[in-house]
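These notes are about the structure you will find just below.
What follows draws every value from the coordinates through simple rules; no lab data is involved. Small disclaimer: the values here were computed from a predicted structure and weren't measured. Every residue, glycine among them, receives a Cβ derived from its backbone with ideal geometry; neighbour counts consider all protein chains shown.
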Ligand code: 0X9
Ligand code: ZN
C-alpha cells in the first residue's frame with residue numbers, strides 16, 4: 001500500500017515537473033573579452049530571476065557560461081547577445097523532455113520491478129538515483145551492517161523537520177581516541193543528484209575493500225576518521241523529486257521575503273554576505289537573512305566544532321557538487337589574489353585526485369583557487385572548511401574548521417547534461433571519485449606519518 005501511494009505521489013508530481021520546463025533551453029555562452037564578462041555579470045546579478053545560470057560567470061575569458069532560458073525570454077536574450085557580439089551554443093535543446101524522460105524512466109523501473117531499485121543494502125542499486133528516504137535508509141543500513149567500523153550520527157533536523165543523517169567510519173585497528181579526520185558532505189545543492197549518488201557509491205566500494213583487507217583502505221580507516229553525510233539538504237532534495245527537478249536552494253521562507261530558499265553554499269559564517277552573493281531572496285545565490293540562518297548549515301558547524309572541541313583535528317573538508325569537473329580550493333571570498341598560504345599543497349593534493357580520475361576514466365578534472373579560476377563566492381563551504389578555528393570555538397559566526405585540504409568538487413559532466421546527468425553515468429562517476437579518494441587517503445597517510 002505504501003508503495004502504491006508513493007508511486008501515485010511521484011507520478012502526479014512528475015506531471016508538475018513536466019509542465020514546468022516546456023520550451024526551456026540551456027545555452028552556452030563563451031565570453032572572450034573582459035567587457036563581455038562584465039556584461040554577463042550584470043545580467044547574472046540583475047536578471048537572475050529570469051535566467052538560471054547553471055554555471056557562474058568565470059573570471060577567465062574563454063570559459064563558458066551555461067544559462068537556462070525560459071521560452072518567452074529567448075528572443076530578447078538572443079538580441080542582447082547579438083549586440084554584445086556573443087555567440088551561443090544550444091547545450092540542451094529541450095529541458096522539459098530531458099527532465100520528463102528521466103523521471104519517467106525512473107518511475108517506470110520502480111513500477112516494473114521494485115527489486116531492481118533495491119532499497120535495502122543487499123539489493124541497493126548504486127547505479128540509480130534514490131529518494132531522500134532511501135538515502136536515509138542506506139545510511140542506517142550501512143551502519144547496522146558494519147557496526148564494527150561505522151557509527152551513525154544524527155546531524156540534526158532540516159527546516160521542514162527531516163532528519164539529516166551521517167556516519168563515521170573508523171577502522172577496528174584505530175589506536176587513537178581522536179584520530180585526524182576527514183569531512184565529506186553531499187547534496188548541499190538539491191538538483192545536483194550525482195553528488196549523493198557518488199558519495200554512496202565510493203563509500204560502498206571503500207567498505208568492500210576494507211572487508212577484503214585492501215592494505216591502503218585498512219590504513220586509511222585505522223588512522224583517519226571519515227565523516228560522511230550523503231545528503232545535506234533534504235528539503236530541497238525532496239522537492240526536486242516531487243515538484244521541481246531543478247531546485248537548487250534550501251526550502252526556508254523568511255517573513256517579508258518574496259521567494260523561498262537560501263543558497264546553502266552562501267550561508268556559511270566565514271565572510272558571509274560578501275562578494276558573489278545576493279541579498280535578494282529570489283536569487284539562486286541568496287545568502288539568507290544572516291550567516292547560518294539555514295539550519296542544515298548550522299548543524300554542520302555545530303557538529304564539527306563539537307568534534308574539534310573533543311580533540312579532533314580535521315585535515316580535509318570536501319563539499320561534493322556538480323557540474324563542471326573541477327576541484328576547487330579556497331579562497332572564494334577574495335576577489336583578487338585568492339590563493340591561500342597552503343595553495344601549493346592544496347594543488348598537489350588536487351593533482352593527485354585528478355591524476356587518479358584520469359587514470360580511471362580518462363575524464364579531465366581541472367583545479368585551482370575558486371575566485372581565481374571561477375568566480376568569487378563568499379560564505380561558501382570550502383572557505384569555512386579552510387579558515388582557522390576561532391579562539392572561542394563556540395563562536396559559530398566566525399572562523400572555520402582549519403582543514404588544510406578544503407575543496408568544493410564539481411563532479412560530472414562538462415555540460416552535455418549538466419544537472420540532469422543520466423543514471424548510466426553514475427557508476428563511472430563514483431568509480432573515478434573512488435580512485436580520487438584512495439589517492440587522498442594515500443597522501444593524507446603520508447602527511448600524518450602513518
Ligand atoms: O556556486 C557554487 O556554489 C558552486 N557551483 S554550483 O554549480 N555547484 O552551484 C561553486 C562554488 C565554487 N567556488 C567559487 N566559485 N569560488
Ligand atoms: Zn552546487
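From the P(r) of the range 95-223, could you give the percentage of C-alpha pairs in the tail past 20 Å?
52
Tell me, in nm to one decimal, what length is gained between residue 290 and residue 42 on full extension, where the rule is 0.36 nm per residue of separation less the Cα-Cα distance? Before the final figure, lay out each step's value.
Values: separation 248, 0.36 × 248 = 89.28 nm, distance 2.44 nm.
Result for the pair: 86.8 nm of gain on full extension.
By its C-alpha gyration tensor, with a ≥ b ≥ c as the square roots of the eigenvalues, how is the range 130-181 shaped: rounded for a/c under 1.5, else prolate for a/b larger than b/c, else oblate?
Details: a/c = 3.68, a/b = 1.78, b/c = 2.06.
Here the range 130-181 falls in the oblate category.
Indicate the gyration tensor shape class of the range 303-342 (rounded, prolate or oblate), computed on the Cα atoms with a ≥ b ≥ c the square roots of the eigenvalues: a/c under 1.5 is rounded; otherwise a/b larger than b/c is prolate and the rest oblate.
Verdict is oblate for the range 303-342.
How many percent of DSSP beta bridges within the chain run antiparallel, rounded to 5? Don't skip to the end; give the middle numbers.
Numbers: 25 of 50 bridges.
So the antiparallel bridges amount to about 50 percent of the total.
Given a cut-off of under 8 Å on Cα pairs at least six residues apart, what relative contact order in percent is computed for the range 25-93? Write out the running numbers ahead of the final one.
Working: 98 pairs, mean separation 34.5, N = 69.
The normalised contact order for the range 25-93 reaches 50 percent.
Which order do peptides 72-80, 398-406, 440-448 fall in by mean Cβ count within 10 Å, highest first?
Details: 72-80: 13.0, 398-406: 22.6, 440-448: 17.0.
Top of the packing list down: 398-406, 440-448, 72-80.
Assuming 1.567 mPa s and 4 °C, estimate D for the range 25-93 with Stokes-Einstein, Rh taken as the Kirkwood radius over Cα pairs, in µm²/s.
Values: Rh = 11.8 Å.
Approximately 110 µm²/s, per Stokes-Einstein.
Based on the mean of other Cβ atoms within 10 Å per residue, sort peptides 128-138, 89-99 so the most packed one is first. All intermediate terms of the calculation are to be shown ahead of the outcome.
On the way: 128-138: 20.0, 89-99: 17.4.
Taking the mean over residues of other Cβ atoms within 10 Å, the ranking is 128-138, 89-99.
Grab the beta carbon distance between residue 358 and residue 125, set R0 = 25 Å, and tell me the FRET efficiency rounded to 0.05.
Numbers: r = 27 Å, r/R0 = 1.09.
Calculated value: 0.35.
Along the Cα-to-C-beta direction of residue 310, a point sits 7 Å from the Cα; which residues of the range 170-192 have their amide N less than 18 Å from that point?
Counting backbone N atoms under 18 Å from the label point, the list is 170-185.
What number, rounded to the nearest 500 deg cm²/dmol, is the helix-based mean residue ellipticity at 222 nm of the chain, given -39500 (n - 2.57) per DSSP H run of at least four residues and division by all its residues?
Numbers: 13 runs with 178 residues, N = 450.
Result for the chain: -12500 deg cm²/dmol, rounded to the nearest 500.
Using only the alpha-carbon atoms of the range 242-368, report the extent along each of the three principal axes, biggest first, to the nearest angstrom.
Ordered largest first, the range 242-368 gives principal extents of 50, 38, 34 Å.
I need the calculated FRET efficiency for the pair residue 33 and residue 72, taking r as the beta carbon distance and R₀ as 35 Å, to the nearest 0.05. Working shown, then result.
On the way: r = 29 Å, r/R0 = 0.83.
My answer for the efficiency is 0.75.
So for each of 103-109, 347-353, 369-375 I average, over its residues, the number of other beta carbons within 10 Å; can you give me the resulting order with the highest mean first? Before the final figure, lay out each step's value.
On the way: 103-109: 15.1, 347-353: 19.1, 369-375: 23.0.
For the peptides 103-109, 347-353, 369-375, the packing ranking is 369-375, 347-353, 103-109.
Nearest 0.05, what FRET efficiency do residue 153 and residue 215 give at R0 = 35 Å with Cβ-Cβ as r? Provide the component values of the computation, followed by the final result.
Details: r = 28 Å, r/R0 = 0.80.
Taking R0 as 35 Å, the efficiency between residue 153 and residue 215 is 0.80.
How big is the Kirkwood radius of the chain, worked out from every pair of different alpha carbons and given in Å to one decimal?
Over the chain, the inverse of the mean reciprocal pair distance is 22.2 Å.
Viscosity 1.567 mPa s, temperature 4 °C: give me the Stokes-Einstein translational D for the range 250-318 in µm²/s, with Rh taken as the Kirkwood radius over C-alpha pairs. Write down the numbers at each step before the final one.
Numbers: Rh = 12.9 Å.
Answer, rounded: 100 µm²/s.
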